[in-house]
Amino acid sequence: MGKTIVVTGATSGIGKETCRMLCRMAFDGMVLALRMEGKPFGIEAATINPGDVKSDFTINRGLANACVQGSPYYEHSMKSSREMIRSEQVGRSPEEIAQKILQMVRARTLNPKYFGETKYKLVMILKSFMSDRIVETLLMKVYQ
């Protein structure tokens, strides 16, 4: 008997940064497989997508060396980065996320996925009813 809790990004399958989104989606798939394979042995698994968290991540964010003024990607990257910084500065505290994880550990059974912020849970629910094209259009409005 045991529990596996994987902390992933806020929005697996909804995001702008290719590598991070790919990793988040991979963790979701891994946890789904762990849930199915571990169930006969009393092993549960879940992800928690904490959302925007106030941390040193924001002040330690760097840019790729090629992201300089004059680059075709500069303005686009700066706008996306400013939006991420803004949302991180008003995010939840790491202690709040830790409390949520503790609740998961103490729970009798685990759901497949948990969210630290209601807005991301709502986005993921709405995503299941929208085409990928609509999701892409909405995200581009936020980050472009």
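Sites listed here are GluC sites (Glu not before Pro) in region 56-144 whose DSSP assignment is loop and whose Cβ has at most 14 other Cβ atoms within 10 Å, and the list is empty.
Restricting region 109-143 to chymotrypsin sites (Phe, Trp or Tyr not before Pro) that sit in a DSSP loop and have at most 16 other Cβ atoms within 10 Å of their own Cβ leaves F129. The relative contact order of the chain comes to 30 percent, based on Cα pairs under 8 Å that sit 6 or more residues apart.
Under a 5 Å amide H cut-off, with hydrogens placed 1.01 Å from N, F115 pairs with N49 among residues at least 5 apart or on other chains. Among A66, A107, A98, the residue with the largest mean-square fluctuation in a Gaussian network model of the chain, with springs joining Cα atoms closer than 10 Å, is A66.
Under 5 Å from the amide H of K3 lie the amide H atoms of E44, each residue being 5 or more positions distant or on a separate chain, with H modelled from the backbone and absent for Pro and chain starts. Taking every DSSP bridge with both residues inside the chain, close to 0 percent are antiparallel. Relative to the 2.2 N^0.38 Å rule of thumb, the chain has a C-alpha radius of gyration ratio of 1.17.
Of the chymotrypsin sites (Phe, Trp or Tyr not before Pro) found in region 28-83, those that fall in a DSSP loop while having at most 13 other beta-carbon atoms within 10 Å are F57, Y73. Taking Cα atoms only, the orientation of helix 118-127 departs from the longest principal axis of the chain by about 90 degrees.
Bridging of K113 to aspartates and glutamates at a Cα separation below 13 Å is possible for D28, E44, once same-chain residues fewer than 8 apart are set aside. Computed over the chain with a Gaussian network model linking Cα atoms closer than 10 Å, the most mobile of P72, P94, P50 is P72. Dimensions of region 41-125 along the principal axes, based on C-alpha atoms and rounded to the nearest Å, stand at 55, 24, 24, largest first. The Stokes-Einstein estimate for region 79-138, based on a Kirkwood radius over Cα pairs and taken at 25 °C with 0.890 mPa s viscosity, is a diffusion coefficient of 176 µm²/s.
Reducing region 42-93 and region 97-116 to their Cα centroids gives an inter-centroid distance of 24 Å. Taking trypsin sites (Lys or Arg not before Pro) in DSSP loop conformation with at most 13 other Cβ atoms inside 10 Å as exposed sites, the chain has its longest uninterrupted site-free stretch at 1-60.
Annotation: amide H of D52 within the under-5 Å range of R92, sequence separation 5 or more or interchain, hydrogens built in the peptide plane.
Taken together, the values in this text are just the output of simple stated rules run on the coordinates, not laboratory data. Treat the numbers as computed from the prediction; the structure is a model and nothing was measured. Here Cβ is always computed from backbone atoms with ideal geometry, including for glycine, and neighbour counts include all displayed protein chains.
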